[in-house]
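*Asks:* Shown below is the structure under consideration.
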Amino acid sequence: MNALVYLRNADDALAQKYLDATAQYIAMYNKLIGPYPYTKFALVENFWETGYGMPSFTLLGPKVIRFPFILHSSYPHEILHNYWGNGVFVDYAKGNWAEGLTAYLADHLVNEQRGKGEEYRRDVLQKYADFVNKEKDFPIIQFVSRHSASSEAVGYGKTMLFFHMLRQELGDEAFVRVLRQFYKQFKFKQATFADLLTTINATTGQDFSAQFEQWVHRTGAPDLLLRDAETERTAQGFKLKMTIEQTQPGDPYRLRVPVSVTLEGEDMATQSHITIDQRTQTIEMDFHARPVRIDLDPHFDVFRRLDSREIPSALSQGFGAEKPLLILPARADKQILEAYRALAANWQKTQSNQLEVITDDQLTALPADRTVWIMGWQNKFSETVAKTLADRGVTYQQKKLQLDQKTYPQAEHAIVLTTRQPSNPDKTLLWIASDNPKAIAELANKLPHYRKYSYLVFKGDELTNIDKGQWPITQSPLSQWIKQKDNYAIHTTHTGITKPRRALAELPPVFSESRMMADINHLAHESFKGRELGTPELDTAATYIAKQFQQIGLTPGGGDNSYFQIWQQDVGLPKGNIALRNVIGILPGTNPQLAGQSLIIGAHYDHLGMGWPDVRAAHQGKIHYGADDNASGIAVSWNWHGRSFPNGNRNAPLFCRFHRRGSGSARLQALHPQYQKLSNRENHRDVESGYRWAA
């Protein structure tokens, strides 16, 4: 399989990043699903801002392609569509299963690999709660393509969690067997949900018809409530009794619900599953120690309608609400007021909800039965929002906003704050404020892309985001401190730790064995004559290494904005005083807490040429290729080029260094004072390439 990148303007570093990512993800999916179905995959930079997946290639827009997060978010999604959608085809008349499965094995899997699977699933459930009401809901068997936030929440989100629940019930090994069999059987053929059901039943020897009926063909979602939980002592230990209700309209669902129970004196929570299939159901569980807390579905593994107490207030509630109210600041400067009017008109055209717009002088109090947008610093209801957020450390005084222990002057910033209606937590208050008409105009287009956030702070006309976050969840209707029937006093507020779940698949490292061998073969070729000091061939090798540094995105770390640090050195007879070159590349980092610290990675790239200076008689006049030591060292080094290091790396040079009687070590200490702590090979005669991973 060939990986290709087509850019409108040459950018070797960007192209290499996409080539590396392509190799990584296709290697992972080949192992997880089966052989990639085409002979190539190409990233093609489009003229327009698009994200179109086609058989064996994808079209990405010029801005999108340069966002650093795209490499491990949208890009693997496009690659995976060559397995699901462009490998196994969708019969759209019978439901589009491919978007949900692709979202699960790309977007969700990437987040799961980063330890953020729970957060991703909660966001998916939040979108469903915020955007899908009874009128906008439909069964996923009817999903064809995304055309709104509500259709995305069902077709992508609900379908994704359907596959997640299948995985939980089957177990990882059986789930992967199903995927591989489904792919093998239907590659380059159309497949339906019915075909998927047949494959699951045949592969597992079980009948999943009921699961498909309630999740694929039924509209809606279960709504769970933990009524009470009580424990009493028994002869064997303790018995926990809990009552759970399904409060949604219609028939009850049959659910396999994860349960986490904290036992007194134990750090790790006890994890298990319970089956719920009645409107009201009492479940009993036995434990060896006293249960003190219970959490149902603590990691959002079940598709269900979240309670408002499980969801932080967020912009999504403003955009997803039915008939929200937007209140303009009547006392604001004329230009600012007109900017807010234009924003409201934009949203009335582009958002699917029926947005009503009035000015604040038309109200004496905020309505409690609606979601309300409050616009402007000058809005008479702005203080209402600030007061409801006082317990979160938010204050607004003397034209300054205090948020997240930071102060933001009103004149320089645009802010967005959300909070629940004090008397009606199912509704949300959203406050947007800026004194800059240009910034307000930009907010109209920008805010729909920040839907999951509870608060935002922007700076400047271009609205550079400088702060954002979600309010923490402090209560849930599925969590309780357990009532002790013997009136035992619980003296802990500790919630038991749950064992982290392994990701379904691991992303292989960027390191490429084949690319490493190609570099070794190149540097050890007879044309380099053994890369002896002071020879043109060694200079050619240095140039080759510098080119690799440039292609993998290292910035120059030598003199005159080059990759070379050049100096004169007396290396002894017969060569005498010659020019030597360190090759230095820098890998920038981001963590200011590591400022002043460095990790230096190095590997020699020179060798002995024809045997200088101490050639053995039997090897006189023969090339000393250095394939298995110096060439392999540098090839390994730049094939990794820092990608195995954790977040927070700051700067990194790949060196060529020369050592003779301490002189080479001294030169590297001049480059970086901490070098001597890392290496002290004073008696070697070699030049080295490497990089500094530093703060």
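*Asks:* Collect the residues in the range 424-478 that are over 30 Å from ILE294 (Cβ atoms) and among the β-branched types (Val, Ile, Thr), keeping them in residue-number order. Please lay out each step first, then the result.
*Replies:* At the first step, the residues of the range 424-478 found to be over 30 Å from ILE294 (Cβ atoms) are 429-451, 453, 455-468.
Hits for the range 424-478 are ILE432, ILE440, VAL457, THR464, ILE466.
*Asks:* Next up: Being closer than 14 Å to LEU4 by Cα and outside any strand (DSSP E or B) is the filter here, so list the residues in the range 41-64 that pass it.
*Replies:* PRO55, SER56, listed by residue number.
*Asks:* If you don't mind, there's one more thing I want to ask. What's the number of the condition ALA21 fails, among (1) hydrophobic (A, V, I, L, M, F, W, C); (2) farther than 28 Å from ASP172 by Cβ; (3) touching a His at 6+ places or on another chain (Cβ under 9 Å)?
*Replies:* (2)
*Asks:* Among the residues that make up the range 217-225, is at least one of them under 29 Å from TRP97 (Cβ atoms) and polar (S, T, N, Q)? Lay out the reasoning, then the answer.
*Replies:* Step one: list which residues in the range 217-225 are under 29 Å from TRP97 (Cβ atoms), which gives 217-224.
Restricting the remaining residues to those that are polar (S, T, N, Q) gives 219.
Yes, the range 217-225 has at least one match.
*Asks:* Right, another one. If I filter the range 573-593 down to residues being open to solvent by 20 Å² or more (accessible area, probe 1.4 Å) and polar (S, T, N, Q), which single residue comes out as modelled with the highest pLDDT?
*Replies:* The qualifying residue modelled with the highest pLDDT is ASN577.
*Asks:* Return the residue satisfying two criteria in turn: it lies in the range 33-52 and is closer than 14 Å to GLY87 by Cα and not small (Gly, Ala, Ser), and of such residues it is surrounded by the fewest Cβ atoms within 10 Å (Cβ to Cβ). Write out each step before concluding.
*Replies:* Taking the range 33-52 and keeping what is closer than 14 Å to GLY87 by Cα, we get 33-41.
When the remaining residues are screened for being not small (Gly, Ala, Ser), the result is 33, 35-41.
Numbers: ILE33: 23, PRO35: 14, TYR36: 19, PRO37: 17, TYR38: 15, THR39: 8, LYS40: 12, PHE41: 24.
Only one residue fits best here, namely THR39.
Condition check ((1) in a helix (DSSP H, G or I); (2) under 20 Å from the mean Cα position of the chain (by Cα)) across all residues:
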| position | (1), (2) |
| --- | --- |
| MET28 | yes, yes |
| LYS31 | yes, no |
| PRO35 | no, no |
| LEU71 | yes, yes |
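*Asks:* Give the number of residues within the range 85-111 that are open to solvent by 20 Å² or more (accessible area, probe 1.4 Å) and within 25 Å of PRO298 (Cα to Cα).
*Replies:* 2
*Asks:* Restricting to the range 286-332, count the residues that are in a strand (DSSP E or B) and over 23 Å from GLY220 (Cβ atoms). Please lay out each step first, then the result.
*Replies:* So the first thing to find is which residues in the range 286-332 are in a strand (DSSP E or B), and the list is 286-287, 291-296, 325-328.
Cutting the leftovers down to over 23 Å from GLY220 (Cβ atoms) gives us 286-287, 291-295, 325-328.
The total comes to 11.
*Asks:* Could you list all residues from the range 602-638 that are among the aromatic types (Phe, Trp, Tyr) and surrounded by fewer than 20 Cβ atoms within 10 Å (Cβ to Cβ)?
*Replies:* Applying the first criterion (among the aromatic types (Phe, Trp, Tyr)) to the range 602-638 yields 605, 612, 625, 638.
If the condition is that a residue be among the aromatic types (Phe, Trp, Tyr) and surrounded by fewer than 20 Cβ atoms within 10 Å (Cβ to Cβ), then TRP612 is the only one that fits.
*Asks:* Just give me the residues in the range 606-629 being in contact with a helix residue (DSSP H, G or I) (Cβ under 9 Å, 6 or more places away or on another chain), of a type outside the set (Asp, Glu) and outside any loop (DSSP other than H, G, I, E, B), in sequence order.
*Replies:* ALA627, the sole residue that qualifies.
*Asks:* What number goes with the only condition from (1) crowded, with 17+ Cβ neighbours inside 10 Å; (2) under 25 Å from LYS187 (Cα atoms) that PRO55 does not pass?
*Replies:* Failed condition: (1).
*Asks:* Here's a follow-up. ASN2 passes all but one of (1) free of Cβ contacts under 8 Å to residues at least 40 places away in the same chain; (2) surrounded by 16 or more Cβ atoms within 10 Å (Cβ to Cβ); which number fails?
*Replies:* ASN2 satisfies every listed condition except (2).
Here is a yes/no grid of residues against (1) exposed (fewer than 15 other Cβ atoms within 10 Å of the Cβ); (2) without any contact (Cβ under 8 Å) to a residue 60 or more places away in the chain:
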| residue | (1), (2) |
| --- | --- |
| ASP137 | no, no |
| ILE140 | no, no |
| HIS147 | yes, yes |
| SER150 | no, no |
| PHE163 | no, no |
| LEU166 | no, yes |
| TYR183 | no, no |
| GLN211 | no, yes |
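*Asks:* May I pose another question? Quick check on the range 185-200: of everything there that is open to solvent by less than 40 Å² (accessible area, probe 1.4 Å) and not β-branched (Val, Ile, Thr), which residue is farthest from LYS127 (Cα to Cα)?
*Replies:* From the range 185-200, those open to solvent by less than 40 Å² (accessible area, probe 1.4 Å) are 186, 191-193, 196-197, 199-200; that's our starting set.
Narrowing further to those that are not β-branched (Val, Ile, Thr): 186, 191, 193, 196-197.
Numbers: PHE186: 32, ALA191: 28, PHE193: 24, LEU196: 26, LEU197: 27 Å.
So, considering only residues that are open to solvent by less than 40 Å² (accessible area, probe 1.4 Å) and not β-branched (Val, Ile, Thr), the one farthest from LYS127 (Cα to Cα) is PHE186.
*Asks:* Please find, within the range 505-532, the residue that is least open to solvent (accessible area, probe 1.4 Å) out of those that are in contact with an Asp or Glu (Cβ under 6 Å, 6 or more places away or on another chain) and in a loop (DSSP other than H, G, I, E, B). Step through it out loud before you land on a result.
*Replies:* Residues of the range 505-532 in contact with an Asp or Glu (Cβ under 6 Å, 6 or more places away or on another chain): 510, 528-529, 531.
With the extra rule that they be in a loop (DSSP other than H, G, I, E, B), the set shrinks to 510, 529, 531.
On the way: VAL510: 21, LYS529: 101, ARG531: 1 Å².
Across the range 505-532, the extreme among qualifying residues is ARG531.
*Asks:* Quick one: which of ALA321, ALA344 is more than 26 Å from LYS134 (Cβ to Cβ), under 35 Å from the mean Cα position of the chain (by Cα), open to solvent by less than 30 Å² (accessible area, probe 1.4 Å) and not hydroxyl-bearing (Ser, Thr, Tyr)?
*Replies:* Working: ALA321 fails: more than 26 Å from LYS134 (Cβ to Cβ).
Checking each option against the conditions leaves just ALA344.
*Asks:* Let me ask something additional. If we only count strands (runs of 3 or more DSSP E) wholly inside the range 393-479, which ones have 3 or more residues that are modelled with pLDDT of 90 or more?
*Replies:* Details: elements: 395-397, 400-403, 406-409, 413-421, 424-433, 455-459, 464-469.
Output list reads 400-403, 406-409, 413-421, 424-433, 455-459, 464-469.
*Asks:* Given the structure, is SER352 within 19 Å of ALA149 (Cβ to Cβ), touching a residue at least 12 places away in the same chain (Cβ under 8 Å), touching a Ser or Thr at 6+ places or on another chain (Cβ under 7 Å) and surrounded by fewer than 20 Cβ atoms within 10 Å (Cβ to Cβ)? Give the steps one after another, and end with the answer.
*Replies:* Numbers: within 19 Å of ALA149 (Cβ to Cβ): yes; touching a residue at least 12 places away in the same chain (Cβ under 8 Å): yes; touching a Ser or Thr at 6+ places or on another chain (Cβ under 7 Å): yes; surrounded by fewer than 20 Cβ atoms within 10 Å (Cβ to Cβ): yes.
So SER352 fits the description; yes.
*Asks:* Another question, then. Condition first: touching a Gly at 6+ places or on another chain (Cβ under 9 Å) and either within 28 Å of PRO588 (Cα to Cα) or touching a residue at least 24 places away in the same chain (Cβ under 8 Å) (or both). Now tell me which residues in the range 50-69 satisfy that. Spell out how you get there, then give the answer.
*Replies:* Of all residues in the range 50-69, those touching a Gly at 6+ places or on another chain (Cβ under 9 Å) come to 50-51, 53, 55, 58-61, 64.
Those that are touching a Gly at 6+ places or on another chain (Cβ under 9 Å) and either within 28 Å of PRO588 (Cα to Cα) or touching a residue at least 24 places away in the same chain (Cβ under 8 Å) (or both): GLY51, GLY53, PRO55, LEU60, GLY61, VAL64.
The values are calculated or read from the model by the stated rules, or taken from the named source; none is laboratory data. These figures come from a predicted structure and were not determined experimentally. For neighbour counting, all protein chains shown are included, and Cβ atoms are generated from backbone atoms with ideal geometry for every residue, glycine included. When the accessible area is computed, the model is the full protein with side chains, heavy atoms only, and any ligands, DNA or RNA have been set aside. Shrake-Rupley method; radii C 1.70, N 1.55, O 1.52, S 1.80 Å.
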